[in-house]
Amino acid sequence: MAESFFGALKNERVSRVSYLTREVARQDIRRYIEFWYNRKRLHSAVGYRPPQEVHAEHQRLRLVA
């Protein structure tokens, strides 16, 4: 899974952008992960749903149990 994540990060974001500084790169990558990768991008490992949706479902089930 880690290899898949870093492959997606490189293909979908890092290789398409030129960063002026490391700090700018950190901010952009953080935004990509928080707002696209975790909230909207569909993941095959969790039934083609975004991780945030799967996490919310897990939390609801945990509270009910």
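The values are calculated or read from the model by the stated rules, or taken from the named source; none is laboratory data. Computed from a predicted model, the values in this text were never measured in an experiment. Cβ placement follows ideal geometry from the backbone for every residue including glycine, while neighbour counts extend to all protein chains displayed.
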Can Tyr19 be described as in contact with a helix residue (DSSP H, G or I) (Cβ under 8 Å, 6 or more places away or on another chain), modelled with pLDDT of 95 or more and surrounded by 12 or more Cβ atoms within 10 Å (Cβ to Cβ)?
-> yes
Hits in the stretch 22-36 - residues which are loosely packed, with under 10 Cβ neighbours inside 10 Å and either under 16 Å from Ala8 (Cα atoms) or not acidic (Asp, Glu) (or both) | Arg22
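If a residue has to be of a type in the set (Val, Ile, Thr) and modelled with pLDDT of 95 or more to count, how many in the stretch 22-35 make the cut? Even if it seems obvious, please write down each step before you answer.
Step one: list which residues in the stretch 22-35 are of a type in the set (Val, Ile, Thr), which gives 24, 29, 33.
So of that shortlist, the ones also modelled with pLDDT of 95 or more come out as 24, 29.
Residues that pass the stated criteria total 2.
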Of all the residues that make up the stretch 20-53, how many are out of contact with any Asp or Glu (no Cβ under 9 Å at 6 or more places or on another chain), aliphatic (A, V, I, L, M) and closer than 18 Å to Ser4 by Cα?
-> 4
Can you run down the residue pairs with Cβ atoms below 9 Å, 6 or more apart or on separate chains, where the first is in the stretch 6-22 and closer than 15 Å to His43 by Cα and the partner is part of a helix (DSSP H, G or I)?
-> Ala8/Tyr37; Leu9/Ile29; Leu9/Tyr32; Leu9/Ile33; Leu9/Tyr37; Glu12/Tyr32; Glu12/Trp36; Glu12/Tyr37
Between residues in the stretch 37-56 that are at positive phi and exposed (fewer than 14 other Cβ atoms within 10 Å of the Cβ) and residues that are part of a helix (DSSP H, G or I) and modelled with pLDDT of 85 or more, which pairs lie under 9 Å by C-beta distance while being six or more apart or on different chains?
-> Gly47/Val54
